[in-house]
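Heads up: the structure comes next, in structure tokens.
Readers should treat all values here as calculations from the given coordinates under stated rules, not as data from a laboratory. Fair warning: this is a prediction, and the values are worked out from it, not measured in the lab. FYI the Cβ positions are ideal-geometry reconstructions off the backbone, even for glycines, and counts take in every protein chain you see.
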Amino acid sequence: MISLAGRDIMHAWGKFVFTGVGLGLLIGVTLTMAGVYRGMVDDAKALLDNSGADLWVVQKDTLGPYAESSSLYDDTYRSLLSISGVARAANITYLTMQVREGGRDVRAMVVGVVSGGPGQPGQPSYLISGRQITRGHYEAVADIASGFNLGQSIQIRRNHYTVVGLTRRMVSSGGDPMVFIPLKDAQEAQFLKDNDAIVQQRRRTAENPAFNRPNVPGLLNQVIASQSTNTFVNAILVQIKPGFSAEEVAEPIRHWKRLQVYTRTQMESILVGKLIATSAKQIAMFLVILAVVSAAIVAFIIYTLTMGKIREIAVLKLIGTKNRTIAGMIMQQALGLGVIGFVVGKVAATFWAPIFPKYVLLVPGDAILGFLAVMLICVLASLLAIRAALKVDPAEAIGG
Amino acid sequence: MIRLPIKSRTLAMIAVIAPLLILFIYVALRSGPLAPVLVTVTAVENKAISPAIFGIGTLDARYTYKIGPTVAGRVKQVNVNVGDRVHAGQLLGEMEPIDLDNRIVAQEATSKRAMASVLAAEAQTQDAVARKDFAKIQAKRYEDLLTSRSVSAEAVDAKRQENKVAESSLAASNANLEAARQELARTHADRGGLSQQRTNLRLVTPVDGLVASRDVDPGTTVIAGQSVVVVIDPKSLWVNVRFEQLSAYGLQAGLAARIALRSQKGHAITGTVLRVEPFADAVTEEVLAKVVFDQLPVPLPPIGELVEVTVALAKQPSSPVIPNASVQRIDGQLGVWAIEDGDLRFAPIRIGATDLDGNVQVIEGLKAGQKVVLYSQHALKASSRIKIVKQIPGAPTSGSKP
């Protein structure tokens, strides 16, 4: 028994393959859109993974440090260390800003980390080149997405930092690359104004008779000095000891220290549910429309392919071919088209995903789901076509 | 011949489909969860590392002389400008004396008057002495005459009384003289005091040095203790350095330091740790130390300039050393991903000293020659499939030390 579908495909294989490729590109776009959505969620999770924290301690009544601004005194971590179940606690600051390098500037999330040796919470957990920060000042570890290179000198506010290490996938929830710098520098960078503003501020203070008192020499200098210090951090990352549950440690901190504490699950729901909620929904909406449009196009293609062969089908019916054989031929062709489309789509999506400026995460689950959906759509579309084909009058073959 | 077109069609079909399938399989295996994680590997080395600590500080003068008046007043003149070299004892400026000079003249006049008073009192005393001598002789003479009964007893008594009066008058004159002398001494002392005050209005530097700041100009009224001119001793320049407490272990006086001025980026000057302050900064969690230059830079850098100081600590004995990029913390445990027979194993380690180039001493957990993961494309798990590469794609050449 010869394969009717195979023979038919072979008859016009170029048309068949090109239709499949076209379909594949459309499926590729749909898969990529799903990848964009997944990437967005993954960026948010990467932020949490990279911090290496079990608990985030932030200012009371805030959703900090990522979704809202939060500030804590930088010595609060000492009192947290005394809470039972706390293994390590480290200050951290986050500030999204432009980082300058040569003539260009890159939008980056500047993270201030305690340079207390390897494995401290907040430090980049793995590198792809260079080394971790060892000096307490003016060194930086940058994400590769920032385009910075080892040994380069980058400028944050008015200080210059040497890039000593590079990481990968260390991004903010918005997908901006992270630049890790020592905490003290970051604290300064957060509040440090430009030199003009500082000079003007000094002049303003000097004009104030309350601070510039002739009979108290030195007062003005002290006041000015106190204006340019910053003893705040955005959050404290806490790692808990083995054997303690996150909530077990979080509760005493909330109760006794009167600070807000988030566990990993809570933080994830804040990031995914609040911070990226609307943009993720936007993408999800687009994904749904794209999927529906793709399904419609697949269905139409199969329908028109079949309709293009309506005369041949009439001939088949005329020579007494069974309905089942005709239906089988159409369905096999539809499924073949679907398989080619899926393969092309998957390959295309995989190859163009890394070119995207933001992270595109292609999840195998999505691919499998996509494959099943494509097959289902093909089956449904071919049913429509089969119905039309079976209704055709064999007389058309000769009548026309 | 008839079958050939069909065969070539099939061939063409295969030519299209087969590469597509191969590509698909490649894609499925090389991306997603089935793909191996690319890692680079380094061997644990046995070497001696030289730890160092790094801090920043500001350039300071050890001795700063704030020269100003001891009483409130108006500045009459300032003779020096910022940057001038001055010598000990040099007059830098002067305060307005107001009426002080006139008071000195008045005091001189008073003094002269007192001197005249002394002379007058001395003359009076001489006069009194003469009178007393005469009265004494007269009294003696009358007493002699009384023995020969040539004068009356009353006359003798009168002479005796005159003698007594003359004696008293002499005593009074002596007292007057003493008073006049004391008055003279007082006016002299007053005059001296005024001169001292006058000298005090002169602003004089106690040391050889450099004028660092000229805070006020002539005509300005300053209060007691406010500085008019600040003189520093440039030879006493030192660096007030702050070291992060976390990495300050081993810091002590006498260690060699490399001082890099912000204005001379990349050019380090040698120095020595002079002392580590007994008080650390409790708020900023920093250890404070003073570092002096072995040789003062010329020209003198400005006071207050930011400097970076690297202090070299004693060389550690040779021990297994790994780069800090390979150290991970998994489930609260510090360790590295060791490669054993091509498989990953998390090896817990205890680390010791670190140096500024990112080398970490391993005290426990690793032996020299063992292979550990240095860089990885993703975070690793024990079940991760790995592929060892020379360098992670996209990353620049590893190992370049900035």
Item to check | Max mean-square fluctuation residue, GNM over chain B, Cα-Cα springs under 10 Å, options B:Leu146, B:Leu306, B:Leu366 | outcome: B:Leu146
Next on the checklist: 7 Å from Cα along Cα→Cβ at both B:Lys235 and A:Ala395: what's the point-to-point distance in nm?
Outcome noted: 12.6 nm
Checklist entry - Among the lysines, which fall within straight-line cross-link reach of B:Lys140, defined as a Cα-Cα distance under 21 Å, with same-chain neighbours fewer than 8 residues apart omitted? => result B:Lys132, B:Lys159, B:Lys164
Checklist outcome for this item: Straight-line reach check, A:Lys391, cutoff 24 Å on alpha carbons, 8 or more apart in-chain or any other chain, hits among lysines -> A:Lys309, A:Lys317, A:Lys322
Item to check | Cβ-derived FRET efficiency at R0 51 Å, B:Ile223 paired with B:Glu167, nearest 0.05 | outcome: 0.25
Checklist entry - Which values, in whole Å and largest first, are the semi-axes of the equivalent ellipsoid of region A:43-124 obtained as the square root of 5 times each eigenvalue of the Cα gyration tensor? => result 25, 15, 13
Checklist entry - For region A:81-221, what mean projected area does the convex hull of the alpha carbons give, in nm²? => result 11.9 nm²
Checklist entry - Residues with beta-carbon under 11 Å from that of B:Tyr375, excluding B:Tyr375: net charge, scoring Lys, Arg +1 and Asp, Glu -1? => result +3
Checklist entry - Can you give the Kirkwood hydrodynamic radius for region B:74-133, in Å, rounded to one decimal and based on Cα pairs? => result 16.0 Å
Checklist entry - In region A:356-400, which trypsin sites (Lys or Arg not before Pro) are in a loop and have at most 14 other Cβ atoms within 10 Å, using DSSP for the loop call? => result A:Lys358, A:Lys391
Next on the checklist: If I model a spin label at B:Val204 and A:Phe356 as a point 7 Å from the Cα along the Cα→Cβ vector, what separation in nanometres do I get?
Outcome noted: 8.3 nm
Checklist entry - Most exposed first by the Cβ proxy, i.e. fewest other Cβ within 10 Å, how do A:Lys241, B:Lys371 rank? => result A:Lys241, B:Lys371
Item to check | Charge dipole of region B:1-150 about the Cα centre (unit charges at C-beta), most positive-ward option of B:Ile137, B:Leu23, B:Ala120 | outcome: B:Leu23
Checklist entry - Pulled fully out, how much extra length does the chain show between B:Glu122 and B:Leu11, if you take 0.36 nm times their separation in residues and subtract their Cα-Cα distance? => result 25.1 nm
Checklist entry - Dividing the alpha-carbon Rg of region A:279-342 by 2.2 N^0.38 Å yields what? => result 1.56
Checklist outcome for this item: The alpha-carbon center of region A:338-400 and that of region B:85-108 are separated, in whole Å, by 103 Å
Item to check | chain A: relative contact order as a whole-number percent, Cα under 8 Å and 6+ apart | outcome: 28 percent
Checklist entry - Which one of B:Ser376, B:Ser152, B:Ser384 has the biggest mean-square fluctuation once chain B is modelled by GNM with Cα springs under 10 Å? => result B:Ser152
Checklist entry - Magnitude of the Cβ-charge dipole of chain A, K/R +1 and D/E -1, about the Cα centre, nearest 20 debye? => result 400 debye
Checklist entry - Along each of its three principal axes, how wide is the spread of alpha-carbon positions in region B:334-395, in whole angstrom units, largest first? => result 31, 25, 20
Checklist entry - With all pairs of different alpha carbon atoms counted, what Kirkwood hydrodynamic radius in Å does region A:266-400 show? => result 17.6 Å
Item to check | Test item: A:150-162 mean partner chain Cβ contacts at 10 Å | outcome: 2
Checklist entry - What residue among A:Glu248, A:Glu188, A:Glu207 shows peak mean-square fluctuation when chain A is described by a Gaussian network model with Cα springs under 10 Å? => result A:Glu207
Item to check | Pairs of alpha carbons in region A:238-288 whose separation is greater than 19 Å (percent) | outcome: 45 percent
Checklist outcome for this item: Dimensionless Rg/Rh of region A:230-317, both radii on Cα and Rh by Kirkwood, sits at 1.49
Item to check | Pairs of alpha carbons in region B:309-369 whose separation is greater than 16 Å (percent) | outcome: 47 percent
Item to check | Long-range tail of P(r) for region B:1-151 (Cα pairs > 21 Å, %) | outcome: 83 percent
Checklist outcome for this item: Bounding extents of chain A in its principal axis frame from Cα atoms, largest first in Å, are 116, 51, 39
Checklist entry - Could you give the Stokes-Einstein D for chain B in µm² per second, using the C-alpha Kirkwood radius, 4 °C, 1.567 mPa s? => result 41 µm²/s
Next on the checklist: Take B:Ala185 and B:Thr272, extend 7 Å from each Cα along the Cα→Cβ direction, and tell me the distance between the two endpoints in nm.
Outcome noted: 5.6 nm
Item to check | Alpha-carbon centroid distance for the pair region A:275-314 / region B:234-308, whole angstrom | outcome: 70 Å
Item to check | Spin-label proximity, B:Val71 to region B:181-208 - amide N less than 16 Å from point 7 Å beyond Cα toward beta carbon | outcome: B:190-203
Checklist entry - Looking at A:Thr325, A:Ile386, A:Pro357, which one has the Cα that reaches farthest to the positive end of the dipole of region A:254-400 (charges on Cβ: Lys, Arg +1; Asp, Glu -1)? => result A:Pro357
Checklist outcome for this item: In degrees, nearest 10, the alpha-carbon axis of helix B:100-147 is tilted away from the dominant principal axis of the alpha carbons of chain B by 30 degrees
Next on the checklist: Can you give the local net charge around B:Asn324? Use residues other than it whose beta-carbon is closer than 10 angstrom to its beta-carbon, Lys and Arg +1, Asp and Glu -1.
Outcome noted: -1
Checklist outcome for this item: Proxy exposure order for B:Arg258, A:Arg131, A:Arg38 (fewest C-beta within 10 Å first) is B:Arg258, A:Arg38, A:Arg131
Checklist entry - Going toward the positive end of the dipole of region B:258-348, with +1 on Lys and Arg Cβ and -1 on Asp and Glu Cβ, which of B:Leu300, B:Gly335, B:Ala289 do you reach last? => result B:Leu300
Checklist entry - When a footprinting reagent is the concern and you count Cβ atoms within 10 Å, what order do B:Val156, A:Val111 take, fewest first? => result B:Val156, A:Val111
Checklist entry - Taking a spot 7 Å from the Cα of A:Met375 along the direction of its beta carbon, which residues of region A:299-335 have an amide N less than 12 Å from it? => result A:335
Item to check | Sites A:Arg264 and B:Arg345, calculated FRET efficiency, Cβ-Cβ separation with R0 22 Å, nearest 0.05 | outcome: 0.25
Item to check | Kirkwood hydrodynamic radius of region A:1-149, from inverse mean 1/r over distinct Cα pairs, in Å | outcome: 20.0 Å
Checklist entry - Cα centroids of region A:125-192 and region B:45-73: how far apart, whole angstrom? => result 28 Å
Checklist outcome for this item: So, relative contact order of region A:143-206 in percent, Cα under 8 Å, 6 or more apart, is 30 percent
Checklist entry - Where in region B:348-378 does the label zone of B:Ser318 land, with the point 7 angstrom along Cα→C-beta and an amide N cut-off under 13 Å? => result B:368-369
Item to check | Rounded FRET efficiency, nearest 0.05, which uses the C-beta distance separating A:Thr162 from B:Asn79 and R0 of 56 Å | outcome: 0.75
Checklist entry - Once every DSSP H run of n ≥ 4 in chain B is given -39500 (n - 2.57) and the sum is divided by its residues, what mean residue ellipticity at 222 nm do you get, rounded to the nearest 500 deg cm²/dmol? => result -11500 deg cm²/dmol
Checklist entry - Taking only the alpha carbons of the protein assembly as shown, what extent do you get along each of the three principal axes, in Å, biggest first? => result 204, 59, 53
Next on the checklist: With an 8 Å Cα cut-off and a minimum separation of 6 or more residues, compute the relative contact order for region B:296-374 in percent.
Outcome noted: 29 percent
